[in-house]
Structure formats: structure tokens, C-alpha cells
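Report on the following structure.
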């Protein structure tokens with residue numbers, strides 16, 4: 001299938017049909033993220049723990065930001081807006097990685113190494129966003145490697161997590177990480193038709209698994 005450029009921007013590289021699928025998949029993500037955030041905030045509000053409320057709110061906002069930025073990028077047609085939303089999309093990945101760990105670090109691990117890991121993961125997110133703003137879309141492989149490193153850092157570095165988090169939450173957390181990691185293969189393989197939409201499906205799966213990890217491991221842990 002030949003690809004027809006959607007906009008004059010040379011970096012677009014997606015056909016109209018591909019962009020429609022890209023927008024649809026993460027547009028669905030926006031809706032699901034909004035629902036998930038409301039459910040988590042309401043549930044933790046009934047529990048009355050301010051740390052849980054703050055943690056799931058931060059997580060939910062980063063989840064919404066990721067899917068919204070991605071949807072706006074793939075829906076935009078003007079090159080200037082595409083570039084701006086693409087930058088937001090890639091920066092939002094750093095936010096979501098840090099946000100996904102925030103409930104575990106501020107609730108389950110707050111009395112242990114949680115604060116240290118919280119500072120590290122959000123510090124790395126800040127460095128990643130800064131490097132993205134400075135270097136733009138160059139060094140794609142290095143940036144993808146940074147996403148993966150951040151994504152697995154807390155699971156690998158924390159000896160406390162398997163002890164503090166229940167088995168359901170832990171395995172859902174790991175499964176979500178595997179879904180994201182598996183999707184990277186399709187993200188990098190531009191020769192596969194609809195590769196980016198397939199990547200989006202892996203992101204939806206990873207995000208869904210991480211939501212349930214937070215739900216069973218933090219909210220109802």
C-alpha cells in the first residue's frame with residue numbers, strides 16, 4: 001500500500017486512512033482515560049486518603065494528556081499545528097511514565113523508598129522533556145530507549161515493590177510494561193502498513209493494564 005502524505009510537512013508519512021485510524025484509536029483512549037480518572041478520583045475520595053486522591057489525580061491527568069496530545073497530533077492537518085502537537089505527544093510520554101508510577105510510590109511505598117524513586121522518575125521526565133524541546137525529533141532511537149529505561153526503572157530498581165504491592169497489582173503492572181515494550185517494535189517498523197495504529201493498540205492495552213494495576217494494587221489494594 002503506497003502512502004500519500006496527509007500534509008505538506010515532510011515528516012508526516014502517513015496516509016489519510018492511517019491518520020484516521022491513528023486518531024480513532026487514541027481518541028478512544030481519551031474517552032476511556034476520562035472515565036478511568038473520574039472512577040479513581042471518586043473511589044479514593046470515598047476512602048478519604050488525601051495521598052491516594054492526589055496520586056490517582058496526577059496519574060489520571062497524565063493519562064488524559066497522553067491520549068489527547070496524540071489524538072490532536074494525528075488529527076491536525078496544518079504543518080505548524082502537527083509539529084506542535086507532535087512535540088506535546090512525545091513530551092506527554094515522559095509525563096505518563098512518571099504518572100503511572102506515582103500512585104505506587106506515593107501510596108504503597110511512601111514510608112520506604114517511594115519518595116526517592118518519585119524524585120528520580122519525575123526528574124528523569126523533566127530531563128527527557130527538556131531534551132525533547134532542545135533536540136526536537138532527532139535521536140529517535142535514543143529517545144525510545146529512554147522511554148523504555150524509565151518505564152522499567154522502578155520495577156527493576158525497587159526491591160520493596162514486590163513485597164508491598166499485592167500479586168494482582170504487581171503482575172498487571174509488569175504485563176502493562178510488556179505491552180508497551182512489545183508495541184515499540186511496531187512503532188519502529190515503518191514498513192509495516194498501519195504500524196502506528198498497531199502501536200496505538202499496544203499503548204491502549206498497556207494503559208488499560210496499568211489502570212487495573214492501580215485499581216487493584218492501590219485503590220483497592
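Values computed for the structure shown
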read-out: Filtered residue count, the stretch 44-63, keeping only those that are under 22 Å from the mean Cα position of the chain (by Cα) and in contact (Cβ under 8 Å) with a residue 24 or more places away in the chain; value: 12
read-out: Residue in the stretch 80-88 that is touching a residue at least 40 places away in the same chain (Cβ under 8 Å), in a helix (DSSP H, G or I) and under 22 Å from residue 177 (Cα atoms) present; value: no
read-out: Subset of the stretch 174-221 [within 17 Å of residue 102 (Cβ to Cβ) and within 13 Å of the chain's Cα centre (by Cα)]; value: 176, 177, 180, 206, 207, 209, 210, 211
read-out: Single residue of 221, 206 found to be outside any helix (DSSP H, G or I) and surrounded by 17 or more Cβ atoms within 10 Å (Cβ to Cβ); value: 221
read-out: Residue count, the stretch 100-121 (criterion: assigned to a helix (DSSP H, G or I) and surrounded by fewer than 19 Cβ atoms within 10 Å (Cβ to Cβ)); value: 4
read-out: Set 48, 29, 60, 11: member being under 24 Å from residue 220 (Cα atoms) and either at pLDDT below 95 or in contact with a strand residue (DSSP E or B) (Cβ under 9 Å, 6 or more places away or on another chain) (or both); value: 48
read-out: Filter result for the condition that a residue is closer than 23 Å to residue 215 by Cβ and either surrounded by fewer than 17 Cβ atoms within 10 Å (Cβ to Cβ) or free of Cβ contacts under 8 Å to residues at least 40 places away in the same chain (or both), over 133, 149, 95; value: 95
read-out: Contacts under 6 angstrom Cβ, first residue in the stretch 9-21 being more than 12 Å from residue 137 (Cβ to Cβ), partner at pLDDT 80 or above and part of a helix (DSSP H, G or I), 6 or more apart; value: 19/74; 21/197
read-out: Selection from the stretch 152-170 of residues that are free of Cβ contacts under 8 Å to residues at least 40 places away in the same chain and either touching a helix residue (DSSP H, G or I) at 6+ places or on another chain (Cβ under 8 Å) or part of a helix (DSSP H, G or I) (or both); value: 152, 153, 155, 156, 162, 163, 167
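The values are calculated or read from the model by the stated rules, or taken from the named source; none is laboratory data. From a predicted model like this one, the values you see are computed outputs, not experimental measurements. Positions of Cβ are backbone-derived with ideal geometry, glycine not excepted, and every protein chain shown enters the neighbour counts.
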